[in-house]
Amino acid sequence: MDKIRFQVLAGTHTGYRLLLWLLIILIGIGLIAAHHMESQGHWVTGMDNRVVWGLPHVFAIFLILSASGALNTASISSVFGRSDYQPLARLSGLLAVTLLTGGLAVLVLDLGRPDRLVVAMTYYNFSSVFAWNVFLYTGFMLVVLIYLWVMMTPQMRGYVRSVGVVALIWRLILTSGTGAIFGFLVARDAYDTAIMVPLFILMSLSLGMAVFWVSTLTMCRWNGYRVAPELSEKLRRLSAVFVLGVLFLMALHHLTNIYMAHHQGIERFLLVDGGVYPWLFWLGFVLCGSIVPVWWFLDRRFCTPAWTVTTALMVIVGGLCHLYVTIIGGQAYPLRLVSGYRVDSGLYDGEITHYLPTLPELALGIGGVSLALLITMLAVRILPFLPTVTRPLPGSNQG
Amino acid sequence: MTDPANKPRRRFLGRTGASTALLALVPGVKLVDLALAKDEDEPASVKTRWGLLVDANRCVTDCQACVSACEDEHALAKTGTARLDPQWIRKVELVDESNDRSLSIPLMCQHCEDAPCVDVCPTGASFKRADGMVLVDKHTCIGCRYCMMACPFNARSFVHGEVTGQKSYSPRGKGTVESCTLCVHRVDQDRAPACVESCAVDGHGALTFGDLNDSESTVSKTVRSQPHRELRPDLALNTGVRYRGV
């Protein structure tokens, strides 16, 4: 029987080196963008006093959700005792840490005062779900680092399951906390619902699997490792289930809102006549990011690594569209300032806010994604995260 | 014989006296309602709940006196881009959905008892004073804008660029969030907020400021005796700002 071993990424593949330099350049551009935003002020972005969270938040939340979901494979391997998932468990844990690092970097650099990070770490208002998330994010990183250490240390193998359980519970709470950031916004019709919590959990599972597919298949290719077809099939089916789950909860969320008379305005805006938002929702999220990927994940004609990566990329693009519609569309729609009255202000109360992201915002978001990928690529060159197969010598009985 | 050099001084004293007399008489600015002068080190007390009553029947559609007074008082310079301008107070035109009646109201931080901005602020920079004023500590605000997401009234602004000409009593800072302070610096000196004063001087008297907990204050008496409402009663925020005629 073949034995799974782990090794550092051998040699320097041309694709690896090119990608490494590209990521370094993108991170550099992202840092310049962040410095520009901080030194000039946020007027250089498309954000204003109505749309206060813009494109950087779309990227940050995408990365944070993906971080939690990327741990799926490790959880299945150690918590549910499925040894066939074990070859990919370390990579799964590594991605969880690096994606979270990228997401937090974007979130912090988009603050009005990123220089006051120490204030955020020392002053806590425990009625704020944001403050909980500071603990949840840093705690998650610590738990997963311990998880990786336990997985990679032969003497600690006995603790893998216990630490895996803690990591699984922690990540469910983490994504609940992220969903609650929106669910607790009682004044905004687009949010203000507990369904945001399970919706964000499922989004994390779906997006995390998609990012995992793209990263793993690319790096395993450099390493000459081929994911076993049976395992690939299981993970593809699992990915399809997660994508369908998101679609189901999203449908439930919108149908519930449509049922409530005072939420019909926001629904009409996001789904029918809100300009870019209905296009992103139906074409980006529903069709390209959900229906087609589910079909391709489940159809064996599309089971090659290249198709799988393509399908996963579509889920990622669909997820970004979904987050854009949720985060920015939800703010662009005007608030109900006064019950029973239509606002007809000379300013821009009662009107749709037009938000157009600017290059610094895009550069910061892409810089965060690049940071996550760069740390991942460097880590696999330094520590044995990537699986490889060693065949036993004839006559030996190792197994 | 009158010394011509004393003319400007007399004119100044005369105008000051007239203005003071006017302020004491116009509705809305009941200086006698305010607490007696107190020690500047005296902390805010839970015995007081500062409140503001807006009478929409008196508010004039094209009048921007309260907005201008606020901008002057706190040195809120325009940025040149309306969507980025500080809006501690703004005029909002409303149309009654049931009968198309139009009315105009000033809208500012509602100084909610259960303030969503205070709940969500991760560092506690958004806080509520014992006397009900909702304020922002500019030293601990990290500019995350979660409070702006949470505010049901869009009453908060983000400082999108450098600020100049700040007043010492009203600090502002690039990258932080700000909103109506109810002119806390004036109230702590037993003076009415700038918007209230200017509305009174302009003769509209649509704003009445005072202690909601003081049964003898005008604002308290009016709130107890006249119909009024919060802007979003469905959210049960128990706002410090109340509206009549809406």
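The values are calculated or read from the model by the stated rules, or taken from the named source; none is laboratory data. Not measured: the values here are computed from a predicted model. Every residue, glycine as well, gets a Cβ built from its backbone with ideal geometry; the counts of neighbours run over all protein chains shown.
Restricting the first member to region B:172-195 and to residues that are more than 14 Å from chain A (Cβ to nearest Cβ) and part of a loop (DSSP other than H, G, I, E, B), and the second to residues that are surrounded by 18 or more Cβ atoms within 10 Å (Cβ to Cβ) and modelled with pLDDT under 95, the beta-carbon pairs closer than 6 Å and six or more apart or on different chains are B:190/B:34; B:192/B:29. Filtering region B:114-150 to residues that are hydroxyl-bearing (Ser, Thr, Tyr) and surrounded by fewer than 22 Cβ atoms within 10 Å (Cβ to Cβ) leaves only B:140.
Say whether the condition of being surrounded by 17 or more Cβ atoms within 10 Å (Cβ to Cβ) and more than 18 Å from the chain's Cα centre (by Cα) is met by at least one residue in region A:238-249. Within region A:238-249, none of the residues are surrounded by 17 or more Cβ atoms within 10 Å (Cβ to Cβ) and more than 18 Å from the chain's Cα centre (by Cα). Set side by side, the residues B:161, B:143 differ, and just one is within 9 Å of chain A (Cβ to nearest Cβ), on the phi > 0 side of the Ramachandran plot and among the small types (Gly, Ala, Ser), which is B:143. Scanning region B:67-116 for residues that are of a type outside the set (D, E, K, R), over 22 Å from residue B:204 (Cα atoms) and facing chain A (nearest Cβ under 8 Å) yields a total of 6. Checked against (1) assigned to a helix (DSSP H, G or I); (2) at the interface with another protein chain (Cβ under 9 Å from one of its Cβ atoms); (3) not β-branched (Val, Ile, Thr), residue A:162 passes all but a single condition, namely (2). Scanning region A:34-84 for residues that are more than 14 Å from chain B (Cβ to nearest Cβ), crowded, with 24+ Cβ neighbours inside 10 Å, of a type in the set (A, V, I, L, M, F, W, C) and more than 15 Å from the chain's Cα centre (by Cα) yields a single hit, A:74. Annotation: of all residues in region A:210-233 being among the small types (Gly, Ala, Ser) and not in a loop (DSSP other than H, G, I, E, B), the one that is nearest to residue A:385 (Cα to Cα) is A:215. All of (1) within 14 Å of another protein chain (Cβ to nearest Cβ); (2) not in a helix (DSSP H, G or I) hold for residue A:5 with one exception: (1). Condition check: free of Cβ contacts under 8 Å to residues at least 60 places away in the same chain, over 27 Å from residue A:50 (Cα atoms) and either within 14 Å of the chain's Cα centre (by Cα) or in a loop (DSSP other than H, G, I, E, B) (or both). Does residue B:204 satisfy that? It is false that residue B:204 is free of Cβ contacts under 8 Å to residues at least 60 places away in the same chain, over 27 Å from residue A:50 (Cα atoms) and either within 14 Å of the chain's Cα centre (by Cα) or in a loop (DSSP other than H, G, I, E, B) (or both).
This table checks each residue for (1) over 28 Å from residue A:57 (Cβ atoms); (2) among the aliphatic types (A, V, I, L, M); (3) part of a helix (DSSP H, G or I).
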| residue | (1), (2), (3) |
| --- | --- |
| A:296 | yes, no, yes |
| A:307 | yes, no, yes |
| A:310 | no, no, yes |
| A:315 | no, yes, yes |
| A:318 | no, no, yes |
| A:324 | no, no, yes |
| A:330 | no, no, yes |
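Considering region A:120-129, the residues that are in a helix (DSSP H, G or I) and either more than 7 Å from chain B (Cβ to nearest Cβ) or farther than 16 Å from residue B:176 by Cβ (or both) include one that is nearest to the chain's Cα centre (by Cα), namely A:129. Restricting region A:267-320 to residues that are polar (S, T, N, Q) and within 20 Å of the chain's Cα centre (by Cα) leaves a set whose member that is surrounded by the fewest Cβ atoms within 10 Å (Cβ to Cβ) is A:310. Cβ-Cβ contacts under 8 Å between residues 6 or more apart (or on different chains), taken from a first residue in region A:106-117 that is under 17 Å from residue A:43 (Cα atoms) to a second residue that is hydroxyl-bearing (Ser, Thr, Tyr) and modelled with pLDDT of 95 or more, are listed as A:112/B:176; A:113/B:176. Scanning region A:192-237 for residues that are more than 15 Å from residue A:310 (Cα to Cα), surrounded by fewer than 24 Cβ atoms within 10 Å (Cβ to Cβ) and hydroxyl-bearing (Ser, Thr, Tyr) yields A:193, A:225.
Of all residues in region A:339-354, which are in a loop (DSSP other than H, G, I, E, B) and surrounded by 22 or more Cβ atoms within 10 Å (Cβ to Cβ)? Answer for region A:339-354, where residues must be in a loop (DSSP other than H, G, I, E, B) and surrounded by 22 or more Cβ atoms within 10 Å (Cβ to Cβ): just A:349. The numbered conditions (1) closer than 21 Å to residue B:65 by Cβ; (2) modelled with pLDDT under 95; (3) within 14 Å of chain A (Cβ to nearest Cβ) are all true for residue B:218 except (3). Candidates in region A:105-119 are the residues that are crowded, with 21+ Cβ neighbours inside 10 Å and in a helix (DSSP H, G or I); of these, the one that is farthest from the other protein chains (Cβ to nearest Cβ) is A:105.
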